[in-house]
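Structure record follows, encoded as structure tokens.
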Amino acid sequence: MKLAMLPEALRGSAYPGVGLLITTGAAVNVTGWHSENVDRPIFVNISGGNTTVQLFQITGGANCSSVVTRQGGSTANVTVLGRIHPNGCTNAINNGGTPTTGLIVDNTKI
């Protein structure tokens, strides 16, 4: 599994980049994530392979465009998410350029 997290020095202030970058890994499961002042708290960019991603109980915060972003052109339908709350973010999900607003309650595949 390959995950990259925001450096400690940048946490707590407005950051225009990505908080958690998911690019590879056989199975990635994130449950219970909250982010403040990060433009794209969780960014998924999977290309091929057998990677699956599960994201549940994720909330955004201030200065956020989309809680979960799937890179356009990355493998579709390998990310399952549910209980995604924008909580200050413009969008709950950005699925390869298609935004979804509001609370995502049921399991959704992107």
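The figures follow:
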| item | result |
| --- | --- |
| Filtered residues of segment 16-29 (kept if within 12 Å of the chain's Cα centre (by Cα) and open to solvent by 20 Å² or more (accessible area, probe 1.4 Å)) | 18, 21, 23, 29 |
| Verdict on residue 51 being open to solvent by 20 Å² or more (accessible area, probe 1.4 Å), hydroxyl-bearing (Ser, Thr, Tyr) and either at pLDDT below 95 or at positive phi (or both) | no |
| Residue list for segment 25-71, restricted to those being assigned to a loop (DSSP other than H, G, I, E, B), hydrophobic (A, V, I, L, M, F, W, C) and in contact with a Cys (Cβ under 8 Å, 6 or more places away or on another chain) | 64 |
| Selection within segment 101-110 - in contact (Cβ under 8 Å) with a residue 24 or more places away in the chain, buried (at least 17 other Cβ atoms within 10 Å of the Cβ) and either among the small types (Gly, Ala, Ser) or not in a loop (DSSP other than H, G, I, E, B) (or both) | 108 |
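Residues are listed down the side, and each one gets a yes or a no for (1) open to solvent by 40 Å² or more (accessible area, probe 1.4 Å); (2) of a type in the set (Phe, Trp, Tyr); (3) within 10 Å of the chain's Cα centre (by Cα); (4) within 22 Å of residue 14 (Cα to Cα):
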| position | (1), (2), (3), (4) |
| --- | --- |
| 32 | yes, no, no, yes |
| 41 | no, no, yes, yes |
| 47 | yes, no, no, no |
| 60 | no, no, yes, yes |
| 68 | no, no, yes, yes |
| 75 | yes, no, no, no |
| 80 | yes, no, no, no |
| 92 | no, no, yes, yes |
| 99 | yes, no, no, yes |
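Quick grid of which residues meet (1) at pLDDT 95 or above; (2) under 15 Å from residue 28 (Cβ atoms); (3) of a type in the set (A, V, I, L, M, F, W, C):
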{"residue": "55", "(1), (2), (3)": "yes, yes, yes"}
{"residue": "63", "(1), (2), (3)": "no, no, no"}
{"residue": "73", "(1), (2), (3)": "no, no, no"}
{"residue": "76", "(1), (2), (3)": "no, no, yes"}
{"residue": "87", "(1), (2), (3)": "no, no, no"}
{"residue": "92", "(1), (2), (3)": "yes, no, yes"}
{"residue": "95", "(1), (2), (3)": "yes, no, no"}
{"residue": "102", "(1), (2), (3)": "no, no, no"}
{"residue": "106", "(1), (2), (3)": "no, no, no"}
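The values are calculated or read from the model by the stated rules, or taken from the named source; none is laboratory data. The shown structure was predicted, so the numbers you read here are calculated from the model rather than taken from an experiment. Note that each Cβ is placed from the backbone with ideal geometry, even for glycine, and that neighbours are counted across all protein chains shown. Protein only, heavy atoms only, side chains kept; ligands, DNA and RNA dropped before computing areas. Shrake-Rupley method; radii C 1.70, N 1.55, O 1.52, S 1.80 Å.
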